[in-house]
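For reference, the structure is listed below as structure tokens.
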Amino acid sequence: MSGRMNWRGIAAIYRFELHRFGRTFWTSLMTPVITTSLYFIVFGSAIGSRMTEIDGIPYAAFIVPGLIMLSMFQESIFNASFGIYMPKWTGTIYELLSAPLSSLETVIAYVGAAASKSMMIGLVIFATAHLFVDVSVAHPLAMLGFMALIAISFCMFGFILGVWAQNFEQLQVVPLLVIMPMTFLGGAFYSVSMLPEPWRTITLFNPVIYLISGFRWTFFGKGDVAIGYSLAFVAVLLIVCMAAIGWVFKTGYRLKK
């Protein structure tokens with residue numbers, strides 16, 4: 001192979017993954033719309049009627065970034081893990097490994113497609129939120145950039161999970177039993193400043209708080225932690241995931257057997 005990037009191969013996998021998403025397009029879009037509506041009914045109406053503002057922000061608007069992150073975490077991990085797990089499950093992984101694609105090109109295709117789907121879902125939830133509350137964005141470009149970084153980071157994590165998983169049950173373990181509880185306990189629906197000590201300090205050891213806080217900063221110009229810490233954590237997450245994926249392809253871990 002030459003040193004040039006195989007964009008045709010990348011595009012082929014990318015289109016295939018998006019086509020799979022297209023087969024369940026309306027279901028994939030309606031699910032987050034219905035879920036977001038229910039969250040607004042429960043959290044926005046029931047809790048919002050008792051807790052009207054947080055840091056000067058209407059409660060219904062305050063939870064929007066958390067709702068978007070909650071769905072994007074789940075969608076990114078699921079789409080990326082399922083995308084690479086299916087070739088393993090069907091046995092076509094060997095055709096992929098023998099194709100004229102480098103490990104980098106393979107990751108770009110799968111992660112790129114999963115991140116695109118995750119971004120679509122995030123924007124759909126953002127649009128749905130406007131049906132319930134008026135949400136202004138202080139830094140629109142930063143919001144889109146942060147969404148893209150989160151989508152890519154968690155899709156890379158999902159890619160690793162899909163390689164690691166040996167059955168469909170294992171694909172669900174981390175998103176349901178680890179990521180979702182960490183998101184609920186990471187300030188998605190409340191401010192960390194509302195917690196008494198020592199819980200406030202303990203919460204700062206939850207990595208998800210830095211992601212949600214950074215994303216909330218792009219909306220309101222304020223968060224539970226400084227934006228610099230949030231960006232630093234995203235950078236570390238990206239580096240760790242890239243290193244792990246590099247190791248997977250170098251050793252053939254759960255790919256070549």
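Read-outs throughout are calculated quantities, based only on the coordinates presented, and are distinct from any laboratory measurement. These numbers were taken from a predicted model, which means no experiment stands behind them. Cβ atoms come from the backbone with ideal geometry, glycine included; neighbour counts cover every protein chain shown.
Annotations for the structure displayed:
- Gyration tensor verdict on segment 167-222 (Cα atoms; rounded if a/c is under 1.5, prolate if a/b is larger than b/c, oblate otherwise): oblate
- Dipole magnitude for segment 7-251: about 360 debye, using +1 per Lys or Arg Cβ and -1 per Asp or Glu Cβ, origin at the Cα centre.
- Zone residues, segment 105-140, relative to residue 55, backbone N less than 15 Å from point 7 Å out along Cα-to-Cβ: 136-139
- Packing-based ranking, highest mean first, of 232-240, 104-112 given that Cβ atoms within 10 Å are counted: 104-112, 232-240
- Summarising the amide proton neighbourhood of residue 54: residues at separation of 5 or more, or on other chains, whose placed amide H is nearer than 5 Å comprise 59.
- Modelled spin-label separation between residue 7 and residue 24, with each label point placed 7 Å from Cα along the Cα-to-Cβ direction: 3.2 nm.
- Selection from 180, 129, 151 lying farthest towards where the dipole of the chain points positive, charges on Cβ: 151
- Rg over Rh [alpha-carbon atoms, Kirkwood Rh] for the chain: 1.00
- In this rough spin-label picture, where each label sits 7 Å from Cα along the Cβ direction, the residue 102-residue 37 distance is 4.7 nm.
- With Cα atoms, 0 to 90° folded angle of helix 227-251 axis to the chain main axis: 20
- Residue exposure sequence - 52, 31, 183 - by fewest surrounding Cβ within 10 Å: 52, 31, 183
- Whole-number percent relative contact order across segment 7-251, with pairs defined as alpha carbons under 8 Å at least 6 apart: 26
- Reachable aspartates and glutamates, given that their alpha-carbon falls under 18 Å from the alpha-carbon of residue 250 and they are not under 8 places away in the same chain: 95, 105
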